[in-house]
Each structure stands twice: as structure tokens, then as C-alpha cells.
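A quick write-up on the structure given underneath.
The values are calculated or read from the model by the stated rules, or taken from the named source; none is laboratory data. Keep in mind the model is a prediction, meaning the values are calculated, not measured. Neighbour counts run over all protein chains shown; Cβ positions are idealised from the backbone, glycine included. What goes into the accessible areas is simple: the full protein's heavy atoms, side chains included, and nothing from ligands, DNA or RNA. Shrake-Rupley method; radii C 1.70, N 1.55, O 1.52, S 1.80 Å.
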Amino acid sequence: MTTPAQELRQAPGDVDWALFGKRYWDREPARLDARPPVGLGPVHALTVQSCAPFRAGTRFWVMPDVRLLVGDGRLRAPGTLLPDTTDRTLDDYLHRLDSEVSGRGYLLTVHQPLLLDFAPWSAVRDTIRGLWRVVGWPNLPVETEILIGDRFTRHAGATGAPTHAALTWVLRGRMDVRLWDERDGPPPAAIADPDRAPDGVRTLSAGAGELLYWPGDRRHVDICREGCVALRLRVPVDRRLPFTALRDLLAELVHGRRDNDGTVPYFPFGPGSRIDDRDGVLPRLNALGEELRTTVDGERLRRMLRVRWAALRSAAGLEPIPVPREGVPMTPRTRIRRSGEIVRMPDGPGREVWAVNGNVFTLPTAAGDRVFAALSDGGETGVADVCRALGDGDTNDRNVLALLDKLYRLRGIDVVEVPSR
């Protein structure tokens, strides 16, 4: 007899996202058998690279963001307590840290680490887009986080109103998550008790090779048991979040107009001034309202939203994205193969947006059709064949070579062979 978790496995370790979407998504929490998209080795490498700038102290407004909590507080200058290249494996680091903090509990978190390396970013993207094909594609960025903890309870998920659903793969050790349904009111004070859950609080417990999910209406408390390592995706689901993002975009468009000199618009005040004078408060605010109305009705906002959606769709919501790779010389004799999904979207008369791994650029629609057909569906082709597909017979067209170079750097195509001269 199979369990619900086993029924959700397509192949060893793979989740049947169609069944998951039907049974659990936006309905109830779940614990599933699931192979994580990345292993301990890549997670350790990402953590070491993310931590390097933070050894001297806290940094603000940067990604990835690293925080180390030991005992009851956060260390502002963690120094050698962060992993570095001398820690050959994650286990080596955990053993060293445990001895250096004298057995106190700790939690190391790395927010948005995937932007540093395309391979794990792509692996997570390829895993999660199976779910998006079932439940819909996110229209806001999905946040990623690495959690490395030992005998530590984190309360952050219980202090504020929930706005994100969560998918948490446990790679090592064990994690307990206490969940509280928002519809039942505020969580009880004892929700964070690592030894006993209060009545009405659900606890999900997972070990290595298991996936925890809970919807976006649950507050939560993370309890990291001995040597816990996990990868978490936070998926925006609160209906207010898109409006907040749109508000910020509108503000950026209005304040970024060419005639904006960057000064703060102080309004007249004092004896003899009236709010409805020609240069008073009301006319200024009315003018700002007109600018906002013009922006909302304008094509520039629509185009930015189209481009933004295409980028998010091609990244499966994972942002920030890794930087492009270095280009390689291409000649008509170079053999190439399409290796990444290309998302195409109309962008006005005769033009379209191409989005590859979160990067976007525009092309004439007619040329895009021919190039896309020439690249086929993952089959090998020659640069000369792509050049000829544009119709003028030139097998060394600089514009085509520039486009293929862009696609290579964005990892939309791979070079199969570069013939020696």
C-alpha cells in the first residue's frame, strides 16, 4: 500500500507536480519524499562564496545577504565563524563551527545565493517550473534561501502576517516546522517551544531527502535539529504584493521622467499662501495626479510589464539571475545547439521580445521567426545555416553572428564544435 507522499513521486525522488498541485497547492501543508534540485556540494560552494564579503562585518542592501545567529543574538562581525575555502566540505565546516561556538545553537542563512552560479540556479529553475506549468507562473520574484542550523529555533515566520508559500528541501539533518493557520487568529506564545507544540499547532518534521510545503496563509517557526541544512523557496502569493510592485514601478516611471530635476517639491506655506493658489499645494498635487494618470494609460508602462513578465517567465520566477557567461569566437563553420528555453512575446508592430534565462532583448518578428526555426528544437545546426536562414545568402552576416553571440552568452545556445583552422 502506497502513502500519499509515495504517490506523488514520478521517478525515484521526483515529485508529480500535477498531483501535488491538485492535492496540496494552496490547500494544506505537506511532507513529501523528494530529491533536492541541488546537493550538499553545490550548497557548500554557494555558501562559501556568499560569505566571503561578510567576514569583516554586516553589509546592507547587497545580494546574497548572509546572517549568522548564535545563541540568542546575531553576530555583526562573524569573521572566521563563517565558512571559507579551508572548509573542504559542509560537514567540515559544521564540525568546526560547533567546536568554536562551544555547543551553542546557531543558524546561518544565505538569502538569494543562486545568482552566484548558473548551474544550481538552472537546476532549481528546471525543478520548479514543473509546478508552475500546473498552478500558473509567478508574476513576482521567487526568493531562495539556504539554511544551515543546529539546535536553533527561528521565530521570524511567526512575527508578521504571512505573504509567501514555502517549499523547503531538507538536504541534511532534520527540521521541524510549526505551522499556524491565520484564520485561527494570532499564534500562541508557545508556538516556538522546541520540545512541545501547543494544542492546535501543526508540526511538520522532515529529514534528508524530504520536501516540506505550506501555503501562504500559515505563520511558521523553524526548528533546526542537529546539523540541519535546507534549501527554501519563498513563493509570493498574497494578493496585495503585485499592487505594491506596480506602485513602485509607477513611482519609478513618474519620478524618472526627463524633466525631473531630482529636487524635493516643497510647497508654499505661510501668511498669505493659499492651498489652491496657482503654485499652491492642490495644483501641484493635481499635476502629479495627471502625470500618474498619463503613465497608467501610456504604452511605456504596458511595455515594461510585458518585458518584465517575459523575463520572469523565462527564469521561472527566480530572481536575481546569474550574470551572462563569456562569449566565444563564432565563424560560419561553428556548430551550435539550442540548449535553453526561449520565451517569445509580441512587442508592438513587427517586433517581439526574446527572453532567455531571465534576460530580455528585442528582434524584428520576421527575423525572429527564421532564426528560431533555424535553431530547431535542440538539434545541432551550423552558424552558416542560421545566417542563410535570414534570406540574403550571406553565411558570415555580422548581425546574425552578434545575435548568436548574445544567445550563447545568455546560455540559450551551446557551441557543439569550433573547427580548428
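Listing for the model above:
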| quantity | calculated |
| --- | --- |
| GluC sites (Glu not before Pro), loop per DSSP, at most 13 other Cβ atoms within 10 Å - longest free stretch of the chain | 1-225 |
| With at most 11 other Cβ atoms within 10 Å, longest stretch of the chain clear of loop chymotrypsin sites (Phe, Trp or Tyr not before Pro) (DSSP) | 62-265 |
| Charge dipole (debye, nearest 20) of the chain; +1 at Cβ of Lys and Arg, -1 at Cβ of Asp and Glu | 280 debye |
| Those Cys residues of the chain for which no other cysteine Cβ falls under 4.7 Å | Cys51, Cys387 |
| Alpha-carbon centroids, the stretch 160-232 and the stretch 90-133: separation in whole Å | 18 Å |
| Per DSSP, loop trypsin sites (Lys or Arg not before Pro) in the stretch 88-122 with at most 10 further Cβ within 10 Å | Arg88 |
| Accessible area per residue, Å², the chain with all protein chains present, probe 1.4 Å | 51 Å² |
| P(r) of the chain over all Cα-Cα pairs, binned every 20 Å from zero, in whole percent | 21, 46, 29, 4, 0 |
| Relative contact order of the stretch 72-206, defined on C-alpha pairs under 8 angstrom at six or more residues apart (%) | 21 percent |
| Loop sites in the stretch 153-234: trypsin sites (Lys or Arg not before Pro), DSSP, at most 11 other Cβ within 10 Å | Arg196 |
| Accessible surface of the chain [probe 1.4 Å, protein heavy atoms]: carbon and sulfur percent | 52 percent |
| Ranking by accessible area, most exposed first, for Thr85, Thr381 with a 1.4 Å probe | Thr85, Thr381 |
| Among Ala384, Val177, Pro324 the positive-end extreme of the charge dipole of the chain (Cβ point charges) | Ala384 |
| Of Val356, Leu90, Leu32, farthest towards positive along the dipole that unit charges on Lys, Arg, Asp, Glu beta carbons give the chain | Val356 |
